């Protein structure tokens, strides 16, 4: 939680990959502006999206509490029922365990928003860890056009491989739609969404809506009740980047920037009952029986491990 009701707080903007250095201007406990931090390696300028950050925090249509659907998908009135976090997470874990037991972990897809245009970078690696520990090969991931060209430029200029490498657990959005509708090569029965708005990220939204209606279970963690979240069985309210901590190990600009490690504090209190993505990941993991992969649910212990690992290289 933010400690000071007013002042200028050094932070970095996590709303896209460069993570520009900046200062959050807080007055009477409210974030009123985000401005460049000229002393930061990436703080020479700040785009319109970053400057609009106070609007993300104060938006009137923010999700502030967990909700459960009580009416069939496609009903004009979902019948949203407010529930507590424990109930929401218990029901989510029970549904995912049931699907995995009946059809295998591959019957669950995960949909993760792009770090090139959102603040998911604060939790992305932990979400991928959850996907791998659960055993699903389905990560419905999207990216921005600018991110792809930047990756290609990095590959050309530095010799680094462009694109995604590592676990190999990447599945394009378009492949999970037929798996939900046609069960080919296997049926996808469940979806765990972290901010990904699939209906607006892929062509043929009508077919995408049909796929979402066909799911046995769908949980969506988000800031807003997006068109995709409207199809969910459970929605989980997520804190904005400015209401939670974030850690950046290296800013990808030059050698000096890449040696900088910065903790971004929460600059204002979280609204309603919103929680950070990383907290949701760890709590779901423990309920799924994956505690040994997530430091028994201790986020601070996991971050300390990450910090030590970064310092050893």
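What follows is calculated from the coordinates using simple rules that are stated; it is not laboratory data. All of these numbers come straight from a predicted model, not from anything done at the bench. Cβ atoms come from the backbone with ideal geometry, glycine included; neighbour counts cover every protein chain shown.
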- Centroid-to-centroid separation of the range 234-260 and the range 80-141 [C-alpha atoms, Å]: 20
- tail above 21 Å in the computed P(r) of the range 53-148, as % of all Cα-Cα pairs, reads 55
- Query: With each pseudo-label sitting 7 Å past Cα toward Cβ, what's the residue 101-residue 230 distance in nm, one decimal?
  - Reply: 3.5
- Item | Computed lengthening from residue 59 to residue 47, 0.36 nm per intervening residue step minus Cα-Cα distance | 2.4 nm
- Quick one: what does P(r) look like for the range 213-283 with 10 Å bins over all Cα pairs, in whole %? 19, 34, 27, 16, 4, 0
- Can you figure out the FRET efficiency of residue 207 with residue 183, using R₀ = 22 Å and their beta-carbon distance, to the nearest 0.05? 0.90
- Message: Could you work out how much longer the chain between residue 71 and residue 255 gets when fully extended? Use 0.36 nm per residue separation minus the Cα distance between them, nm to one decimal.
- Response: 60.8 nm
- Message: Using a 7 Å offset from the Cα along the Cα-to-Cβ direction at both residue 291 and residue 82, what is the distance between the two label points in nm, to one decimal?
- Response: 3.1
- Message: With the cut-off at 1.5 for a/c, could you classify the range 77-117 from its C-alpha gyration tensor as rounded, prolate or oblate?
- Response: oblate
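Stick to the Cα atoms of the range 172-313, pair each with every other, and give me the Kirkwood hydrodynamic radius in Å at one decimal.
Details: mean 1/r = 0.0569 Å⁻¹.
That comes to 17.6 Å for the range 172-313.
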